[in-house]
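Here is the structure we will look at, set down as structure tokens.
The values are calculated or read from the model by the stated rules, or taken from the named source; none is laboratory data. The model shown is predicted, which means the values in this text are computed figures rather than measured ones. Because the Cβ atoms are built from the backbone with ideal geometry, glycine has one as well, and the counts that use them run over all protein chains shown.
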Amino acid sequence: MNNLVFGIFLTLVSAASFAQSTNIEEEIKELSKAKWQWMADKNVDKLAALFHDKSKFVHMSGSWKKDRELEIIETGSIWYKNAEVHDVAVETFGDDTAVLWNRITLTAHVRGNDVENEFTVTEFYKKEEGNWKLLDLTFSSVRDTHKIEH
């Protein structure tokens, strides 16, 4: 009887943990989707609230911190016009850390020209004081045949 009770307890704990993990994964997916729209809309107020004060951004042309990324978006020196998301994978680490990988085709306006590139974008998130903060966003140039392993 004790084994049965213990088995039921483990099943319930596992189910609750899986449900929490799934909820976090969906929350992070939705947040990332909103972020791409805010970038396209040049909504630096929403992005400033999302980006951690120590966040880093890695692009094809260099790496920089939060203030520079917001300046780039606000001035339009890189205008993230559209991120067509082909695939998304999320891994959670406890209930306060998540990594998201996006496979995207990015249409951006850079140095006076519209350009289109294939990327896998890695995003690190940390929950602080009840809010998710983006710690890192890294663009990795890939072929259009690149796949994210789930």
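Here are some notes:
- Residue check for ILE104: of a type outside the set (Ser, Thr, Tyr), crowded, with 18+ Cβ neighbours inside 10 Å and in a strand (DSSP E or B): yes
- Qualifying residue in region 98-111 (condition: closer than 19 Å to GLY62 by Cβ, of a type outside the set (Lys, Arg) and modelled with pLDDT under 95): yes
- Pair list, Cβ under 9 Å, 6 or more apart: region 138-150 residue closer than 17 Å to SER32 by Cβ and touching a residue at least 12 places away in the same chain (Cβ under 8 Å), other residue among the aromatic types (Phe, Trp, Tyr) and surrounded by 13 or more Cβ atoms within 10 Å (Cβ to Cβ): THR138/PHE57; THR138/PHE124; PHE139/PHE57; PHE139/PHE119; SER140/PHE119; ILE148/TRP101
- Region 42-78: number of residues that are closer than 19 Å to LEU106 by Cα, in contact (Cβ under 8 Å) with a residue 40 or more places away in the chain and exposed (fewer than 14 other Cβ atoms within 10 Å of the Cβ): 1
- Qualifying residue in region 103-122 (condition: in contact with a helix residue (DSSP H, G or I) (Cβ under 6 Å, 6 or more places away or on another chain) and under 17 Å from PHE139 (Cβ atoms)): no
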